[in-house]
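Encoded as structure tokens, the structure appears first; notes follow it.
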Amino acid sequence: MVPDKKPDVLIVEDDAELAERTGEMLVSLGYRVTGIVATPVKAFKQVVERAPGLVLMNIDLRTTFDGIDAAAYIFHCLNTPVAFLTAHADPDILGRARKAEPIGYLTRPFTAESLGAALEVAYRTFLLNNPGVEERRTALLSMMAHDDAYLLAGKDGGIIFMNWFACRLTGWGYEEAFLRPLPAVLVMKERSSPVRFGRMTLLNDIHTAALLDQPYVVQITARDGRTRTARLRVDVIAAREGTEVGHMVRLKEILGMAVG
């Protein structure tokens with residue numbers, strides 16, 4: 001049975017006035033707004049740290065990595081549904097947006113009543129079609145916010161998200177690492193091999209580790225030269241039709257293990 005409880009909502013909108021007005025509408029309808037942000041980087045941080053049940057995303061954030069790109073990873077990798085906000089219905093843009101599998105579209109201008117009706121139908125339909133997704137989302141985001149180092153890399157190897165533990169382990173800040181190639185940020189090698197997970201082979205080795213679904217013990221060198229040992233696991237992230245969209249890299253630091 002689908003619960004009647006309204007989801008907490010994150011608003012991703014680069015127009016401050018429109019964002020505030022949308023937030024006021026949501027509050028008047030009984031929703032809790034977990035935050036209002038204007039960039040994909042801040043959106044990913046908020047999704048992981050505050051775990052909203054739904055994201056309202058402006059399609060055009062006027063960034064190279066736009067709202068459609070962000071929505072695809074938020075849904076496919078973080079199990080959080082996205083509804084798009086748009087001022088137009090350009091067929092080419094909507095065609096690209098469909099690949100992110102949003103739960104709905106809201107075309108401006110809209111009223112509080114039309115916003116509430118659209119979200120209620122879209123969210124309930126999403127839960128009906130995805131049984132157990134709320135439990136999976138809550139468990140994943142809880143681990144990413146409080147447990148071990150997590151790095152999300154896109155299909156081209158660019159970094160999409162790093163949690164606080166990953167920043168500590170690598171010595172990189174998330175915002176400066178965003179979209180950089182994974183090998184530039186995650187410097188490591190397998191303890192039993194000087195080659196595997198090296199800079200030149202990292203992306204191929206990460207993909208192989210995901211397919212083999214087995215842990216590796218690796219030595220990680222941070223930007224300041226400090227070295228730590230961690231257990232590595234990698235998961236393939238795929239869209240509903242099976243297309244690979246990226247990898248989730250998890251590193252659990254092994255305390256007390258000598259480096260050598």
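The values are calculated or read from the model by the stated rules, or taken from the named source; none is laboratory data. If you're wondering where the values come from, they're calculated on a predicted model, not measured in any experiment. Quick reminder, even Gly has a Cβ in these numbers, built from the backbone with ideal geometry, and neighbours come from all protein chains shown. Remember, those area values only see protein heavy atoms, side chains included, never the ligands or the DNA or RNA. Shrake-Rupley method; radii C 1.70, N 1.55, O 1.52, S 1.80 Å.
Observations, loosely collected:
- Surface/4 estimate of mean projected area, convex hull on alpha-carbon atoms of the chain, nm²: 14.5 nm²
- FRET efficiency, 1/(1 + (r/R0)^6) with R0 30 Å, evaluated for ALA239 and ASP92 via beta carbons: 0.90
- Applying the Karplus relation 6.51 cos²θ - 1.76 cosθ + 1.60 with θ = phi - 60° to the range 174-183 yields 3J(HN,Hα) values of 4, 5, 6, 8, 4, 6, 6, x, 3, x Hz, where x marks Gly and Pro.
- Each part reduced to its alpha carbon centroid, the range 122-188 and the range 3-40 end up 22 Å apart.
- Under the simplified labelling scheme, the ASP147-LEU18 pair shows an inter-label distance of 3.9 nm, with each label point 7 Å from Cα along Cα→Cβ.
- When a 1.4 Å probe is rolled over the protein heavy atoms, the share of accessible surface on the range 148-260 that falls to carbon and sulfur comes to 53 percent.
- Residue-level accessible surface for PHE44, protein heavy atoms, 1.4 Å, Å²: 0 Å²
- Modelled label positions at LEU255 and LEU211, each set 7 Å beyond Cα in the direction of Cβ, lie 3.7 nm from each other.
- In the complete set of protein chains, residue-level accessible area for VAL249 is approximately 0 Å², probe 1.4 angstrom.
- Between GLU253 and ALA149, ARG231, the built amide H atoms are under 5 Å apart, and every one of these is 5 or more places off in sequence or on another chain.
- From largest to smallest, the equivalent ellipsoid semi-axes obtained for the range 91-191 from the alpha-carbon gyration tensor read 35, 18, 13 Å.
- For q = 0.15, 0.17, 0.22 Å⁻¹, Debye-computed log10 I/I(0) when each Cα of the range 1-109 counts as one equal scatterer: -0.57, -0.74, -1.26
- Karplus-derived HN-Hα couplings along the range 158-172 (A = 6.51, B = -1.76, C = 1.60, θ = phi - 60°), whole Hz, x at Gly and Pro: x, 6, 9, 8, 9, 8, 4, 5, 5, 4, 5, 5, 8, x, 9
- Per residue convex hull volume, Cα atoms of the range 142-260, in Å³: 105 Å³
- Percent carbon-and-sulfur accessible area, the range 17-113, ignoring ligands, DNA and RNA, probe 1.4 Å: 52 percent
- Selected from GLY242, THR34, CYS167, residue furthest toward positive end of dipole (the chain; charges at beta carbon): CYS167
- Entry comment: accessible area of the chain is 49 Å² per residue, from protein heavy atoms only and a probe of 1.4 Å.
- FRET efficiency, GLU113 to LYS155 (Cβ-Cβ, R0 25 Å, nearest 0.05): 0.05
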